[in-house]
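Quick note: the coordinates plus some simple rules give every number you see, no bench work behind them. Every value quoted in this text rests on a predicted model; they were computed, and no experiment measured them. Here the Cβ positions follow ideal geometry from the backbone for every residue, glycine too, while neighbour counts run over all protein chains shown.
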Ligand SMILES: *Cc1c(COP(=O)(O)O)cnc(C)c1O
């Protein structure tokens, strides 16, 4: 079967080069006589994979030795749990910005462990915009949590306001998608299945002074201190997943973040321009300064057209365009691996649909 253009939100389309290298490693990994799937997580080879990935993450983020980098399992959601478990208790409460489903989930998970105050929310507009950055963020908060890109509703913080409290960000759906001052964050994390590899591994980057404040008396699996100390191999690591993320990091470095950003801007502009001039499709987010370059959400003016459009996409080998069940409509996820030509193809199919519909 022909390779489809995959606009899925995650797991998402991967760079062809990464798929090629990963499949080679499944048969035989490097100079070893084994498959990567047979490689011990305590082997020298895996240690090298971890070291190179940590170095690349720091280089790409422009951060230094004051940060620790660790690979964990459990996806984005385990971080929703671990963060409050490590930093909150019944008396100490953190701040959360509620900008979408994942941001809201992160805050709800935190309420199991301590106070988690919503300092700003855009829920009332079905998350079709970002709230104003809070005027006053108490320095006494152990952290302020935000979601840099809202995968389901298609908004993205292009600029971040000031905070006297340590900033912690869920960057699952826009890490390495463009230039960003990563040194503003005390901690950030990203489940790999969007912009950073395959499902099953999560990148966590944590500044040492912030890590110092984490609780020590914790079951090791759930303790940032223990995970960092054990260098991503506290338990049997997701060896293959981390390797696929390393291949993705190499691919990102080869392209360069500046070139990736330029491409991502061009891809998003092409699609938003088509939506803004369309009589059939309507973008979910109106404010151009808040639109996500990663997840473009839109609906059809006439709900009856939705099925027909999905069928036309399918006939054109375009998949993964259906919106999240919470948001409805359509969503095209334009992560780093999606090429401009794929977006051109989608826009052409939209134009064809529109010509038939009006
Ligand atoms: C996909 C996503 C998650 C959920 O990740 P899981 O690995 O499925 O737990 C969390 N946050 C954001 C911003 C996401 O896009």
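Observations
- Exposure proxy shown here: for 299, 155, the number of other Cβ atoms within 10 Å sets the order, fewest to most, as 299, 155.
- Normalised by the number of residues in the range 256-357, the mean separation of alpha-carbon contacts (under 8 Å, six or more apart) gives a relative contact order of 31 percent.
- Whole-Å distance, taken between Cα centres, linking the range 36-59 and the range 310-326: 37
- Gaussian network model of the chain, springs between alpha carbon atoms under 10 Å - residue of 253, 213, 194 with greatest fluctuation: 213
- For the residues 334, 141, 130, a GNM of the chain with alpha-carbon springs under 10 Å puts the largest fluctuation on 141.
- Most fluctuating residue given options 161, 62, 329, as computed from a GNM of the chain linking Cα atoms under 10 Å: 161
- Length-normalised contact order of the range 33-133 in % [C-alpha pairs under 8 Å, at least 6 apart]: 20
- The chain: relative contact order as a whole-number percent, Cα under 8 Å and 6+ apart: 22
- Spin-label pair residue 310/residue 344, simplified geometry with 7 Å Cα→Cβ offset, distance in nm: 2.9
- The value given for the chain is a Kirkwood hydrodynamic radius of 21.2 Å, derived from the mean inverse Cα-Cα separation.
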